[in-house]
Amino acid sequence: MTVQLSGVFAPVVTTFYSQSGELDVASFAANIRAHLAAGLHGIVVAGSTGEAALLDANERAALVDVAREMVPREKTLIVGTGAESTRTCLQLTRDAAARGADAVLVVAPHYYSAAMTGTALANHYRRIADDSPVPVVLYNIPKYMHFSLMPGLVSELSIHDNVIGIKDSSGDRALIASYLNAQSETFAVLTGNAGSFKYALNAGARGGILAAALFAAGLSLEIYDAVWRRDEAAADAAQARLVPLGATIVGEMGVAGVKAGMDHVGLHGGPVRSPLLPLDEQRVALVAELLRSAELATAA
């Protein structure tokens, strides 16, 4: 299939049982069903919001298997396969492809950040793109990488036959503008930042992979749809409601905040995996208040 990188994608959380800490596959499947029913255009498994760094290879494989069963072929299934070594990244990529992933999302290696020169990163991504059985999406998230993919590198990689886009979670307007210079019929720019979603779309981005969409799917889709029908007033109104959710629940509280938000709207968030910590009562209450202020229905 031709992978369509446009629309609003759900970077799904990984659900765990409270007592054992094992994967809660039934809740994971139920969330995917709900995200797709809400109208989201695709699913991203084992991304940052999915606690990918805290999963082992068998757990990743199990999640991809479940997701592939749930995601119809007309929707897009993307799997995060970034790893610190090129070898491991390739292993994860091949496994995801064999299990039915439509594309892979590859965050840059970043533990040895000082050694991640343009040449090192170019060699890494070219090797992944050359050998991957499915298309590759670059992933820029300076919050966790502690550096950004340089525009020149992105431009260079954008012409590779098997590199189809980039997710940029920086929220840096100048940086995403530089990535948009590389956008083409075969290379799409998506944002991962809810606070600047409308700006990114107006600048030319083709969609977003938004953690905020996990508990505010309708609101995220309102912005996307309003921008494409050129209804500036509706887009502004929806964006104003989304900004505090992205800034506080996602940006400040992280995965625990996203999961609390999902719990409040009747989806399955549940516990985070150690060493991450759950929200305290005060922050849980703040999540609920932010959702009410954004006029989002909460579970009884």
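Just so you know, all these numbers are worked out from the coordinates, no wet-lab data involved. Keep in mind that what you see is a predicted model, and the values were worked out from it rather than measured. Cβ placement follows ideal geometry from the backbone for every residue including glycine, while neighbour counts extend to all protein chains displayed.
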Q: Read phi for every residue in the stretch 100-111 and hand back ³J(HN,Hα) as whole Hz from Karplus 6.51 cos²θ - 1.76 cosθ + 1.60, θ = phi - 60°, with x for Gly and Pro.
A: x, 4, 7, 7, 10, 10, 10, 6, 5, x, 9, 4
Q) How high is the relative contact order of the chain, given as a whole-number percent (alpha carbon pairs under 8 Å, six or more residues apart)? A) 18 percent
Q) Over all distinct alpha-carbon pairs, what is the Kirkwood Rh of the stretch 7-229 in angstrom? A) 17.4 Å
Q) What residue among 20, 196, 85 shows peak mean-square fluctuation when the chain is described by a Gaussian network model with Cα springs under 10 Å? A) 20
Q: Report, by chain and number, residues whose modeled amide H sits under 5 Å from the one on residue 105, excluding near sequence neighbours (fewer than 5 apart, same chain).
A: 79, 80, 81, 137
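In the stretch 7-229, what percentage of the DSSP-assigned beta bridges are antiparallel, given to the nearest 5? Mind showing how you got there, number by number?
Numbers: 1 of 29 bridges.
Taking every DSSP beta bridge with both residues in the stretch 7-229, the antiparallel ones total about 5 percent.
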**Q.** Inter-site label distance for residue 252 and residue 282 at 7 Å from Cα along Cβ, in nm
**A.** 1.1 nm
Q: With θ set to phi - 60°, apply the Karplus curve 6.51 cos²θ - 1.76 cosθ + 1.60 along the stretch 271-286 and write out the HN-Hα couplings as whole Hz, x wherever there is a Gly or Pro.
A: x, 8, 9, 4, x, 5, 10, x, 5, 7, 4, 5, 6, 4, 5, 5
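Would you kindly state how much longer the chain becomes between residue 185 and residue 159 on full extension, computed as 0.36 nm times their sequence separation minus their alpha carbon distance, in nm to one decimal? Spell out each step's value before the answer.
Numbers: separation 26, 0.36 × 26 = 9.36 nm, distance 1.05 nm.
Separation in residues times 0.36 nm, less the Cα-Cα distance, equals 8.3 nm.
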Q: Along each of the three principal axes of the Cα atoms of the stretch 1-136, give the extent in whole Å, ordering the values from largest to smallest.
A: 42, 39, 23
Q. For the stretch 1-153, what's the relative contact order in percent, using C-alpha pairs closer than 8 Å and at least 6 residues apart?
A. 19 percent
**Q.** Nonlocal amide H pairs with residue 207, under 5 Å, H built at 1.01 Å
**A.** 7, 191
Q: Using a 10 angstrom cutoff on alpha carbons, build the Gaussian network for the chain and name the most mobile of 73, 229, 173.
A: 229
